[in-house]
1. Are any residues in region 168-186 more than 30 Å from ALA257 (Cβ to Cβ) and under 30 Å from the mean Cα position of the chain (by Cα), and if so, which ones?
2. From the list LYS134, LYS177, LYS183, exactly one residue is on the phi < 0 side of the Ramachandran plot and in a strand (DSSP E or B). Which is it?
3. Could you grab me the full set of residues in region 143-166 that are in contact (Cβ under 8 Å) with a residue 60 or more places away in the chain and not polar (S, T, N, Q)?
4. Which condition number does ILE371 fail, the rest of (1) farther than 27 Å from GLY425 by Cα; (2) assigned to a helix (DSSP H, G or I) being met?
5. Restricting to region 63-103, give me the number of residues that are under 30 Å from LEU162 (Cβ atoms), at pLDDT 60 or above and either open to solvent by 70 Å² or more (accessible area, probe 1.4 Å) or of a type in the set (Phe, Trp, Tyr) (or both).
6. Consider ALA380 against the criteria (1) in a loop (DSSP other than H, G, I, E, B); (2) surrounded by 15 or more Cβ atoms within 10 Å (Cβ to Cβ): it satisfies all of them except one. Which criterion is unmet?
7. Regarding TYR319, is this residue within 35 Å of the chain's Cα centre (by Cα), farther than 26 Å from LEU244 by Cα, hydroxyl-bearing (Ser, Thr, Tyr) and surrounded by 15 or more Cβ atoms within 10 Å (Cβ to Cβ)?
8. Any residue at all in region 356-364 that's part of a helix (DSSP H, G or I), over 29 Å from the mean Cα position of the chain (by Cα) and modelled with pLDDT under 95?
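The values are calculated or read from the model by the stated rules, or taken from the named source; none is laboratory data. Owing to the predicted nature of the structure, the values given are computational and were not obtained by experimental measurement. Here the Cβ is made from the backbone with ideal geometry for all residues, glycine too, and neighbour counts use every protein chain on show. Each accessible area value is taken on the protein alone, full model and side chains, heavy atoms only, with ligands, DNA and RNA left out. Shrake-Rupley method; radii C 1.70, N 1.55, O 1.52, S 1.80 Å.
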Amino acid sequence: MLDHGLDLAWEEDRPRRGWEEDRPRRGWDEDRPRRRRSGPPNRRAQQQRRRKKRKRRQKGKSYTALIISLSLLLLVGLGGYWGVVQLQKNQSVREFLAADYEQGDMGEEVTFRVEQGDFGSVIAANLLKAGVIKSKAAFVNICSSRKIECESIQPGGYKVQLNSPARVVFEILIDPKNAITSKFTVREGLSVIQTIKSVSEQTGIPLADFQEAIKDPAALGIGPEWYARLDGKAAATNSVEGFLFPDTYFYDPTATATDILKMMVNQFKTVANELGLVQQAQARQIGVYELIIAASIAQVEVKEVDFAKATRVIYNRAYVKKMFLGMDSTANYYLELTGQATVSSREMTREQLNNPNNPYNTGSSSVGMPIGPISNPGRAALQAAANPEQGDWLFFTTVDQNGTTRFATTEWERCPHLAEAIANGVLGPESAC
C-alpha cells in the first residue's frame with residue numbers, strides 16, 4: 001500500500017513548473033480566448049502594404065498636379081484679362097478692333113442731320129442707322145480720343161457718304177463750315193394753322209405744301225396708338241394737332257414740308273417717351289390722346305406756373321364730377337378752324353361757348369373732353385398733364401390782363417374771382433354770380 005501521507009508531502013515539496021501555478025486564477029480566464037503573438041509578415045501582406053503606399057503617393061502627386069494646373073490656368077487667365085484691358089486702353093488698338101469701312105467702300109452722298117443736344121454716342125447710333133458708318137464703336141472710339149472736338153459738333157445737316165470710314169465722317173462733322181445751319185423756331189401753344197404758317201415764313205417753303213402734308217398724319221409718323229381714348233368719345237384722327245412739338249429746329253435747306261413736319265413729330269415722340277406719357281395715361285386710366293388734349297388746353301388757358309393745377313381741374317371736371325369743361329379756348333379753336341375771327345373771353349357769347357355743331361365744344365351740352373387737342377403743347381404742359389397737382393379744384397379763372405389765375409373748389413368760392421375778372425375787364429358783366 002502506498003503511504004498517502006508521504007505522497008502528499010512529496011507533492012508539497014515538489015518544485016512548481018511553469019508560470020501558471022504562480023498566476024492568480026480568475027474565473028473568466030478559463031473562457032477568454034488566447035492571444036497569439038503575430039509572427040513575421042508573409043509576402044502577400046508585404047505586397048499589399050507596398051501597393052497601398054504607392055497609391056497614397058500617386059494620389060498625393062495627382063492632387064499636387066491638379067492644384068498646380070489650376071493655379072497656372074488662373075495666372076494665365078488673369079494675365080490675359082490684364083492684357084486685354086491694357087489693349088483696350090490703347091486708343092489705336094480700340095480703333096483697330098472696331099468694325100469700320102475702308103476708303104474704297106464709300107458710296108452715295110447723303111445729308112446727315114445732327115439735332116440740337118445730340119452727343120457722341122447718339123450721333124454714332126444715328127450714323128450707323130443711316131448706313132454711313134459700319135459700327136457705333138468706330139465713331140465712339142474717335143470721339144473718346146478727341147473729346148473736345150467731338151463736343152463741338154454743331155447741329156445742322158452734313159453732306160456725308162454712305163459706307164464711310166468713321167474717321168472721315170468725324171473730320172466732316174467737326175468742321176463748322178460743313179454744317180448746314182438753317183433753322184426755325186416754333187413757340188408753345190400755337191395751333192396747327194398758326195404753326196405751319198410760321199414755319200412756312202421762316203423756311204420759305206410754300207404754305208400750300210404744309211397744308212397738303214398735314215392731311216396725312218400717318219405719313220408723318222403719327223400712328224393710331226397716339227389717338228387712343230378710353231372715355232368712349234371720338235378722336236380727331238385726321239388732325240396732327242398736338243403732335244408738332246414746339247422747339248428750335250436745324251434743317252437742310254433742301255428739306256420738303258413733309259421732311260420738316262416729320263422732324264417735329266419725331267421730336268414730340270422723343271419728349272413723350274422721356275416723360276412717359278403712355279405709361280402716365282395708363283396709370284390714370286385714360287387714353288394718351290386725352291392726356292395730350294388736357295395739356296393743349298392748359299397751354300393756352302393759363303401761365304406755366306399754373307399748368308399742374310389747371311390740368312387737375314380739367315381731370316376733376318371731366319372724370320371725377322362728369323362735368324362740362326366750359327373752356328372758351330375750345331370755342332375759339334373751332335372759330336379759327338372754320339376761318340372765323342376769334343374773340344376774347346369778355347366778348348364770347350353763350351351761343352359760341354356752347355355751339356352743338358362744334359366738335360370741340362366744351363359748353364354745358366358737352367360733358368368731358370373735346371374731340372382733340374386745341375394747340376401744340378410744350379414739354380412743361382405735357383409734364384403737367386402727366387403729373388397734375390393734387391387737389392379738389394373744379395374752377396380756374398383768369399382775373400387780370402397779366403394772366404393771374406385763381407382756383408376754386410365751389411361756385412360760391414369762385415364768385416369773388418369772377419368779380420375780380422369783371423372789374424379788370426377780363427370778363428363781361430354777364431359772368432357775375
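1. PHE170, ILE174 - these are the residues of region 168-186 that are more than 30 Å from ALA257 (Cβ to Cβ) and under 30 Å from the mean Cα position of the chain (by Cα).
2. Of the residues listed, the single one that is on the phi < 0 side of the Ramachandran plot and in a strand (DSSP E or B) is LYS183.
3. Step one: list which residues in region 143-166 are in contact (Cβ under 8 Å) with a residue 60 or more places away in the chain, which gives 155-157, 163-166.
Of everything in region 143-166, those that are in contact (Cβ under 8 Å) with a residue 60 or more places away in the chain and not polar (S, T, N, Q) turn out to be PRO155, GLY156, GLY157, PRO165, ALA166.
4. Here ILE371 meets the rest and fails (2).
5. Selection size over region 63-103: 4.
6. Of the numbered conditions (1) in a loop (DSSP other than H, G, I, E, B); (2) surrounded by 15 or more Cβ atoms within 10 Å (Cβ to Cβ), the odd one out for ALA380 is (1).
7. So TYR319 fits the description; yes.
8. Looking through region 356-364, none of the residues is part of a helix (DSSP H, G or I), over 29 Å from the mean Cα position of the chain (by Cα) and modelled with pLDDT under 95.
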